[in-house]
Amino acid sequence: MSYIYDLWDDFISLLFPRLCYGCGNHLLRNESLICTECYVVIPRTGYHTEAENPVARLFWGRCLIEKAAAFSFYNKGSRIRTLIHNLKYKGIQEIGYELGRIYGLSLKSSGFTSDIDLILPVPLHQSKKRIRGYNQSELISKGIAEVTGLPVDVLSLSRKAISETQTRRSRYERWTNVEGIFSVSSPEVLKGKHILLVDDVITTGSTIESCANELLKIDEVKVSVVALAYAVI
Ligand SMILES: [Zn+2]
């Protein structure tokens, strides 16, 4: 019976090939979304095990971040870049959950999340969320939450105004562009908590800085940060 099932499965995959969202190669029967090779070659930073890493250093002198890390390097032409592109612009939401789960396992086993109380995804502006239909950072957060058991709060932090595309701006311009664009709706819920901010890609850190500065106005709040990828500029 399983032989017939396998034949049928092969036949279906000939008609509708299942391809890896990282490299475009055919997926094996036991693989889904991302092939084993992609999992192996994605360049991981290992920063969650180093307190003084380049992502943490981004925030030095800018805002008080307890711990900061990123899953992978966001190199040009890298598979993580293709995966994140598929997650953000091609509607493949499962990639967010999957990479969140994978990273969540490392964060949990290294003890990175042991003193965290809750996860807060970096919010998208409502109009952007309406167009895309989802917030990719929320999906990554839910993947991390699934393996760490931490709650995800998608209500307390929101984005006030849409920022223009930040890619061609200097760090100063980007900083002024994101300053004061986040607001906290119910600070009493977050009081005294250690919050893990989750984003998709960290580049200059200015978006995180703006979020953190808003959160750090609340009494006894601590903020840590993780992202799926770190783009070295
Ligand atoms: Zn692949």
**Message:** open to solvent by less than 80 Å² (accessible area, probe 1.4 Å), within 16 Å of the ligand (Cβ to nearest atom) and free of Cβ contacts under 8 Å to residues at least 40 places away in the same chain: is that true of SER72 in this structure?
**Reply:** no
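Taking the options GLU66, GLU50, GLU98, name whichever one is of a type outside the set (Lys, Arg) and open to solvent by less than 50 Å² (accessible area, probe 1.4 Å). Show your work before the answer.
On the way: GLU66 fails: open to solvent by less than 50 Å² (accessible area, probe 1.4 Å); GLU50 fails: open to solvent by less than 50 Å² (accessible area, probe 1.4 Å).
One residue alone meets the criteria, GLU98.
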**Message:** Under 9 Å between Cβ atoms, which residue pairs at least 6 apart in sequence (or on different chains) link something in the stretch 12-32 that is more than 8 Å from the ligand (Cβ to nearest atom) with a partner that is open to solvent by 70 Å² or more (accessible area, probe 1.4 Å) and of a type in the set (Val, Ile, Thr)?
**Reply:** LEU28/THR36; ASN30/THR36
**Request:** Read through the list (1) part of a helix (DSSP H, G or I); (2) over 20 Å from ALA231 (Cα atoms); (3) within 16 Å of the ligand (Cβ to nearest atom), then give the number of the only condition that CYS38 fails.
**Result:** (2)
**Criterion: touching a His at 6+ places or on another chain (Cβ under 9 Å) and surrounded by fewer than 18 Cβ atoms within 10 Å (Cβ to Cβ) - qualifying residue of SER109, SER114, SER13** = SER13
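The values are calculated or read from the model by the stated rules, or taken from the named source; none is laboratory data. From a predicted model like this one, the values you see are computed outputs, not experimental measurements. For neighbour counting, all protein chains shown are included, and Cβ atoms are generated from backbone atoms with ideal geometry for every residue, glycine included. For the accessible areas, the whole protein counts, side chains as well, though only heavy atoms, and no ligand, DNA or RNA atoms are used. Shrake-Rupley method; radii C 1.70, N 1.55, O 1.52, S 1.80 Å.
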